[in-house]
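The values are calculated or read from the model by the stated rules, or taken from the named source; none is laboratory data. Since the model is a prediction, treat every value here as computed from it, not as a measurement. For neighbour counting, all protein chains shown are included, and Cβ atoms are generated from backbone atoms with ideal geometry for every residue, glycine included. We work out accessible area using only protein heavy atoms, side chains counted, and drop any ligands, DNA or RNA first. Shrake-Rupley method; radii C 1.70, N 1.55, O 1.52, S 1.80 Å.
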Amino acid sequence: MANTIVVASKNAGKIREIRQLLADFPLQVLSLDDLSDPPELTEPYPSFAQNAAEKAVTTARATGYVALADDSGLVVPALDGAPGTRSSRVAATDGERIKWLLDAMDQVPADKRNAYFVCIMVLADITGQILGTWRGRVDGTITTQPQGEAGFGYDPVFLYPPDSQTFAEMTPERKNQVSHRGQALKAFVQDLPDILSSITTNINSAPPAGE
Ligand code: IMP
């Protein structure tokens, strides 16, 4: 139990990527879908960092596991930063969200189609204390048509110029090398040796239930 963390998410795409990136570490990675009574999570704030902290703290307190939350999204300057922290909520499905984005950018010329993904990761212990915050950002452009089948979310319309491919055309390994989530997790992993001892301490020093 000491080396278990729960990822504060039910997003299968995110969880898959986080598990891939943490595969080599002595860490059992659970998601909210592995728990019988997962907490309801909200993203009430206008910043990724606040939402990530909220999700990590709520999950750690409710589950008794150290919790890692990822708040991430797509920022499009030509749309005044939209969809931003509302990336998962502008429509009901990935396909509809992509349609929303392409429709919103219908009149945006090629030289103004720059965009970036942001990821903020926050780890919280079971008392609600934040153990660390890590960030990643990747810049690209928004295509006019979906391209590729891999990944999730807005990947089919996010072109990564150095590879001339969308995230949905890349292998998962390549996306993890360059993505916002990959960057944040690499920074997290660098701190992991220290954090693992902190996780052990936190869980073992927790009072038994009811005290
Ligand atoms: P949230 O962090 O749960 O609010 O959701 C973030 C949303 O941003 C996801 O549901 C996706 O729509 C989008 N998103 C975040 N990261 C990625 C990514 O790596 N690829 C594609 N879309 C992403």
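When trypsin sites (Lys or Arg not before Pro) are flagged only if DSSP places them in a loop and at most 13 other Cβ atoms lie within 10 Å, the longest unflagged stretch of the chain comes out as 90-211.
Helix 12-21 and the long axis of the chain differ in direction by around 70°, with both axes built from C-alpha atoms. Against the chain, whose longest principal axis is taken from its Cα atoms, helix 94-104 shows a tilt of about 50°. Between ARG137 and ARG174, the contour length at 0.36 nm per residue exceeds the Cα-Cα span by 11.8 nm. Once the Cα atoms of helix 48-63 and of the chain are each reduced to a long axis, what angle between those two axes, in degrees from 0 to 90 to the nearest 10, is obtained? In the chain, helix 48-63 runs at an angle near 30 degrees to the longest axis. Accessible surface of GLU43, taken over heavy atoms with a 1.4 Å probe and every protein chain present, rounds to 50 Å². Positive contributions from Lys and Arg (+1) and negative ones from Asp and Glu (-1), summed over other residues with Cβ under 9 Å from the Cβ of PRO156, come out at -4.
When peptides 151-160, 28-37 are sorted by average Cβ neighbour count within 10 Å, with the highest value leading, the order is 151-160, 28-37.
Within the range 149-166, which residues have the backbone N less than 15 Å from the label spot 7 Å out from LEU102 along Cα→beta-carbon, could you tell me? Residues 149-150, 153-159, 166 qualify, since their backbone N sits under 15 Å from the label point. Hydrodynamic analysis of the range 96-171 uses the Kirkwood radius over alpha carbon pairs. Inserted into Stokes-Einstein at 20 °C and 1.002 mPa s, it gives a translational diffusion coefficient of 153 µm²/s.
Under a point-charge model restricted to the Cβ atoms of Lys and Arg (+1) and Asp and Glu (-1), what is the dipole moment magnitude of the chain relative to its Cα centre, in debye to the nearest 20?
Charge dipole, the chain, about its Cα centre: 220 debye, nearest 20.
Using equal-weight Cα scatterers in the Debye expression, the normalised intensity of the chain in log10 at q = 0.09 Å⁻¹ is -0.36. Computed from the Cβ-Cβ distance with R0 of 30 Å, the FRET efficiency linking ALA23 to ALA49 stands at 0.70.
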